[in-house]
1. Dipole of the chain, Cα-centred, from +1 at each Lys and Arg C-beta and -1 at each Asp and Glu C-beta, to the nearest 20 debye?
2. I need the Kirkwood Rh of the range 183-286: take the reciprocal of the average 1/r across all distinct C-alpha pairs and report it in angstrom.
3. In what order do 258, 211, 56, 271 fall by count of nearby beta-carbon atoms within 10 Å, going from fewest to most?
4. Positive end of the charge dipole of the chain (Lys, Arg +1 and Asp, Glu -1 on Cβ, about the Cα centre): tell me which of 268, 140, 347 has its Cα farthest that way.
5. Sort out the exposed loop GluC sites (Glu not before Pro) in the chain (DSSP loop, at most 10 other Cβ within 10 Å) and tell me the longest stretch that has none.
6. Of 240/369; 232/387; 2/159; 174/369; 159/232; 174/256, which ones are farther than 25 Å apart at the Cα?
7. If neighbour count is taken as other Cβ atoms inside 10 Å, put 351, 386, 186 in order from fewest to most.
8. Only counting other Cβ atoms within 10 Å, I'd like 254, 348 sorted with the fewest neighbours first.
Amino acid sequence: MKAGNATLSSYGTTIFEAMSALAREHAAVNLGQGFPDDRGPLALRQAAAEFVVDGHNQYPPMMGMAALRQAVAAHDRRFYGLDVDWQTEVLITSGATEALLDCFLGLLEVGDEVVLLEPAYDTYAPVLRRLGVVPRSVRLVPPTWSLPRDELAAAFSGKTKLLVLNSPMNPAGKVFTRDELTFLASLVERHDAFAVCDEVYEHLVFGDAPHIPLMTLPGMRDRALRIGSAGKTFSLTGWKVGYITAPAHALRPITKAHQFVTFTTPPNLQHAVALGLGLEDAYFHGLGPALARGRDRLAAGVAALELPVLPCDGTYFLVLDVTRWLGSDEDDVAFCRRLVVEAGVVLIPMSAFYEAAPPRHLVRACFCKADATIDAALLRLQAWVSKQR
Ligand code: PMP
Ligand code: GLN
């Protein structure tokens, strides 16, 4: 029998699927895969259900239903002051995952280089490698995940076709500052590159640090592409509705990819997400504070266990330094697996977000959960810690 594709065969099952399966197997509290306990706005779920019964459930237009494309453009204007042509600059996809793939398929050639910032979301590098593209990974420096500017400048070259920028950043919880974005924009511009901006956590920011789309910076309107996800903005991760805002010249080849990958996205979900993007400001502004309470609850509990917690200004995720809990010669993956069995709590090893020589002392914990879920995890960790002494 001939083998399947060698590049993809060299990767295991994604860490999120693997750890959620372990959680089910061991009836563990799952602070691994990033999905909220919250069920999402009832009005959206009702609208999606009613559309299935009463609506037109045939292929919607390839670029997305007009109402949703208009809603994305209006959202971009309302929150970021962007002037977007909904007909030529917005594409609806089946989740941000498809949006990323479409961007890579539509913009890249074999042999191109792409600059990634590590820790990087787990789909970027495998897909790029499968396309014969060379990822140039630059590591941010914990605990604040600062930009190593000289290394970054050195990673860009004439071969660089694009930068992938994920802000707010999974798993680091970092929200890039205007100063950092200005620096990245200067590199993108100097090297005549694109920037694919994974902004799925755009509304999930805490405190004073605002989310600033790279696209709003001088010189970036023609080079930056913004990806959003209804999964994150409406706590409906299973829906897989994503949206790309991009200059028309970049969106054209990306649309060619979309037409061959999924072609369309379920119309009832598009209809409901269009309603969602039109919700009042209070809905969007309430997301960060609600999540910050979960972050603070989890952080306080972890601090009581005398474990260092890294700063977190956005996303669903808190990074913990588990050095003092690691067994001798134990890495983060082995530790997380042991923790499921011994403590009944699922966390994600940070090494999953690195291509090579990852840090081995950090784990990611998800806090977009009900208080009871966070408290149950903390109680289990406390019981486990007291048994270790
Ligand atoms: N990018 C990042 C950074 C993510 O955390 C996720 C996880 N949901 C995605 C993309 C994929 O989003 P979607 O579920 O809309 O495909
Ligand atoms: N984005 C989610 C996370 O980081 C996982 C999505 C998935 O399971 N593929 O936890």
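1. Its charge dipole is roughly 500 debye.
2. Hydrodynamic radius (Kirkwood, Cα pairs) of the range 183-286 is 15.3 Å.
3. Ascending number of Cβ neighbours within 10 Å: 56, 211, 271, 258.
4. Projecting each Cα onto the dipole axis, the largest value belongs to 347.
5. Working: sites that count: 109, 280, 306.
Longest run free of exposed loop sites: 110-279.
6. Details: 240/369 20 Å; 232/387 37 Å; 2/159 34 Å; 174/369 20 Å; 159/232 33 Å; 174/256 33 Å.
Among 240/369; 232/387; 2/159; 174/369; 159/232; 174/256, the Cα-Cα distance tops 25 Å for 232/387; 2/159; 159/232; 174/256.
7. On the way: 351 20, 386 9, 186 14.
Going from sparsest to densest Cβ surroundings: 386, 186, 351.
8. Working: 254 23, 348 27.
In increasing order of surrounding Cβ atoms, one gets 254, 348.
Quick note: the coordinates plus some simple rules give every number you see, no bench work behind them. No experiment lies behind these values; they were computed from the predicted model shown. Heads up, the Cβs are rebuilt from the backbone with ideal geometry, glycines too, and the neighbour counts pull from every protein chain shown.
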